[in-house]
Amino acid sequence: MAVKQDVVDLAEIFSKYTEEKKIDRSTLVSVLEDSFRSVISKMVGSDENYDVIINPNKGDLEIYRNREVVSDEDFEDENTEISLTDVRKIEGNEDMNVGETYSEMVNFSDFGRRAVLNLRQTLGSKILDLQKDNLYNKYKEKVGSIVTGEVYQAWKKELLVVDDDNNEMTLPKTEQIPADFYRKGDTVMAVVAKVDNRNNDPKIILSRTSPLFLQRLFERDVPEIADGLITIKKIARIPGERAKVAVESYDERIDAVGACVGMKGSRIHGIVRELHNENIDVVQYSDNLKLFIQRALSPARVSDVHIYEEHQRADVFLQSEEISLAIGKNGNNIKLANMLTGYKIEVFREGDESHDADDYYLDEFLDEIDEWVIETLKNAGYSTAKEVLNESRDVLLDKTDLEEETIDDLLNIINEQFRLDEAGDDDNNE
């Protein structure tokens, strides 16, 4: 007959962990058995001669100790052996002989108070480890998927977010859009970026800045993408400011860009709102690199493109009034076009030669001029050294907003390079 032992309330354990923590019964039975065996082994040295039987339906536990019957002279170990004289004193065992096995039910509490305390600690530790394993496996499968949670705590460097099962997730400040602002109790949507499991302590990291988050939002709001009729080929994103999404349709009857934007922007508006008004350009992908570069620079209208595949560079020619559109605010448009196409795009006014053989791209001065100064010049519409030298000092100061000393230094560096070139030419002519 099964015996209910008062060590732990098994019925309560099964109810709590199978229903609340979603741990299946067979796994929980295994954990319970391992816990009892672990403590028995600590108390008596070995659990090999014990049978632990758990009935999850009734919450009953039976523990049997199996001992070998030995002669009185050979009796040594009380835990694994019982003498012939002693076993025959037990009612019903008068006919037992040496070599047979005697099984008896034991009550776990007979091992003492220390064993009971060890059991509770061991069981708690094993169940906690099991929960951590389940959490890790659950979210490892969700990496790259969108999840929604409630902000439980807002700190300076991160948010602590909990899901419907009260599992904790982290949204670092670096993975938040600049315009994000959350308080305790707010709902937050993000993509599962990664799941760390150092020292069996799962840490779920969320992201709202990942291009994958933007892709999942499109998959959610554009049925043709979810159905595989439209494919997102590439995403370039400056979180919170601007993004470019290249899409392609495998069905000629479907306008990929139109489907993603929706009637009067109905589909993309929801995505823009979720990203706090991040400006999103949807462009038609093309295997024709020149055409793809032109589209990547929209809304600017490109006149011509010269591609240098060996250098992963493209020279783009535009009307003067289109240059500022191609570069964009803070240079964001051309940065995103670079990211989207994988090419370093240089902008030129239409009518200019692609590149004077005696001229230098500004990037060639990176060893002598700070990168941020060169980027400022490029954002103002300058691509080459001669373009800078052909501009007056006052115009350079006005268009770039750089300090006078900085302008003078870079002009000296550029002029010195051309003086060296002229000196070299003179030596060659001699």
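Numerical summary
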item	result
Within the chain, percent of DSSP bridges classed antiparallel, to nearest 5	75
Ranked by how many other beta carbons lie within 10 Å on average, peptides 124-131, 29-36 from highest	29-36, 124-131
Ordering of 186-196, 306-316, 212-222 by packing [mean C-beta count within 10 Å, highest first]	212-222, 186-196, 306-316
For region 225-240 versus region 251-305, the gap between their alpha-carbon centres in whole angstrom	10
Accessible area expressed per residue, the chain, with surrounding protein chains retained (probe 1.4 Å, Å²)	56
Cβ-Cβ FRET estimate between ARG393 and LEU366, R0 fixed at 22 Å, reported to 0.05	0.45
Estimated inter-spin distance, GLU73 and LYS58, nm [label 7 Å along Cα→Cβ]	4.5
Gaussian network model of the chain, Cα within-10 Å springs - most flexible of GLY92, GLY262, GLY112	GLY92
Cα lying deepest toward the dipole's positive end in the chain, options GLN176, VAL87, VAL316, charges on Cβ	VAL87
Relative contact order, percent, region 168-261 [alpha-carbon distance under 8 Å, six or more residues apart]	22
Given charges at beta-carbon only (K, R positive; D, E negative), |dipole| of region 216-278 in Debye	280
Set LYS290/LYS386; LYS173/LYS244; LYS142/LYS244; LYS173/LYS290; LYS156/LYS344 screened for pairs whose C-alpha atoms are more than 30 Å apart	LYS173/LYS290; LYS156/LYS344
Fraction of accessible area attributable to carbon and sulfur, region 66-185 (%, probe 1.4 Å)	43
Unit charges on C-beta of K, R, D, E only; dipole of region 64-204, Debye	1700
Helical segments meeting 18 Å axial Cα length and Kyte-Doolittle 0.0 threshold in the chain (DSSP H)	25-44
Label-point separation, ASN200 to VAL162 (7 Å along Cα→Cβ), nm	2.4
For the chain, diffusion coefficient by Stokes-Einstein and Kirkwood Rh (Cα), 37 °C, 0.692 mPa s, µm²/s	115
Mean Cα-pair separation over length for the chain, i.e. relative contact order, pairs under 8 Å, 6 or more apart, %	7
Within a Gaussian network of the chain (alpha carbon springs, distance under 10 Å), most fluctuating of MET339, MET105, MET96	MET96
The chain - charge dipole about Cα centre, Lys and Arg +1 at Cβ, Asp and Glu -1, debye rounded to 20	2620
Rel. contact order, % - alpha carbon contacts under 8 angstrom, at least six apart, region 252-372	18
Most mobile of ARG349, ARG183, ARG393 in a GNM of the chain (Cα contacts under 10 Å)	ARG393
Nitroxide proxy distance, nm - points 7 Å out along Cα→Cβ at ALA179 and GLU405	3.8
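The values are calculated or read from the model by the stated rules, or taken from the named source; none is laboratory data. On a predicted model such as this, the values are computed, not experimentally measured, just so you know. Cβ coordinates were reconstructed from backbone atoms using ideal geometry, including for glycine residues, and neighbour counts include every protein chain displayed. Note: accessible area is taken over every heavy atom of the protein model, side chains too, but ligands, DNA and RNA are not part of it. Shrake-Rupley method; radii C 1.70, N 1.55, O 1.52, S 1.80 Å.
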